[in-house]
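One structure below.
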Amino acid sequence: MAHYKTEQDDWLIVYLKYLLFVFNFFFWVGGAAVLAVGIWTLVEKSGYLSVLASSTFATSAYILIFAGALVMVTGFLGFGAILREQKGCLSTYFCLLLVIFLVELVAGVLAHVYYQRLSDELKQHLNQTLAENYGQPGATQITASVDRLQQDFKCCGSNSSADWQHSTYILSREAEGRRVPDSCCKTVVTHCGQRAHPSNIYKVEGGCLTKLEQFLADHLLLMGAVGIGVACLQICGMVLTCCLHRRLQRHFY
């Protein structure tokens, strides 16, 4: 009977090892996905960050990058812990899973909070940026961000091209008679902003505000979905790790 129980324990340990190994592979792939989404958000979309009032969006991306890198390192540790069947390594693996889960929880809370106040922040800050900061000395990065925003989203002004009528830049000599910045033009050439006709500039309902808000909301939802997916994998991993750890304790003692 004791021999049968030992064989049963051996079978359960092998089964849990293979199950945890498969989980760890998907967990590692999920970490790579989290890392990729975070890096893509910062590298490809960093040009829009200057027009945001707070750094919450960028902070969420940095947390995702940190969590993704930690997941990949933890995944390698998990493979070693499973193969060597060391309880100490399994305990460390479990603790790292818990830390990553908490980090992703923080990122998720930040993304949710920012999503709730996204519309109000953009309405207030984007109008102010266009009116007061665009084209001003020392605001080169903001000017470049607004120009890229208008070209990428094919829009002009916060709500409409009429928003530029109150811009410090448009009212200054530096505008050289422009009614809108050249980046509002469908085909950008020097001084094309002097002609604010629908055939020449982008006339989009809702302006850049609506498009930027939708863009950021989609990215926050993507970051949240990836984070939730990996978090679900982590919960499964922690349960499997605990089961394997307990089985190893019973097997050796």
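The values are calculated or read from the model by the stated rules, or taken from the named source; none is laboratory data. No experiment lies behind these values; they were computed from the predicted model shown. FYI the Cβ positions are ideal-geometry reconstructions off the backbone, even for glycines, and counts take in every protein chain you see. These accessible areas exclude ligands, DNA and RNA; they are computed on the full protein's heavy atoms, side chains included. Shrake-Rupley method; radii C 1.70, N 1.55, O 1.52, S 1.80 Å.
Solvent-accessible surface (1.4 Å probe) assigned to L35 amounts to roughly 40 Å². Annotation: per residue accessible area for the stretch 134-208 equals 53 Å², rounded to a whole number [probe 1.4 Å, protein chains only]. In the complete set of protein chains, residue-level accessible area for Y115 is approximately 100 Å², probe 1.4 angstrom.
Computed on protein heavy atoms with a 1.4 Å probe, the accessible areas place F101, F21 in the order F21, F101, largest first. The residues of the stretch 70-129 have, on average, 52 Å² of accessible surface per residue, using a 1.4 Å probe with all protein chains present. What the Cβ-Cβ distance of V29 and R117 gives, at R0 = 35 Å and to the nearest 0.05, is a FRET efficiency of 0.60.
Once the Cα-Cα distance is subtracted from the 0.36 nm per residue extended length, the T92 to E176 segment shows a gain of 23.8 nm.
Multiplying the residue separation of Q214 and Q128 by 0.36 nm and subtracting their alpha-carbon distance yields 29.0 nm. Rolling a 1.4 Å probe over the protein heavy atoms leaves I65 with an accessible area of roughly 40 Å². Taking each residue as 0.36 nm, the span from F21 to L222 lengthens on full extension beyond its C-alpha to C-alpha distance by 69.7 nm. Taking a straight line from the alpha carbon of K17, these aspartates and glutamates sit under 19 Å away, with near neighbours fewer than eight places off in the same chain left out: E7, D9, E85.
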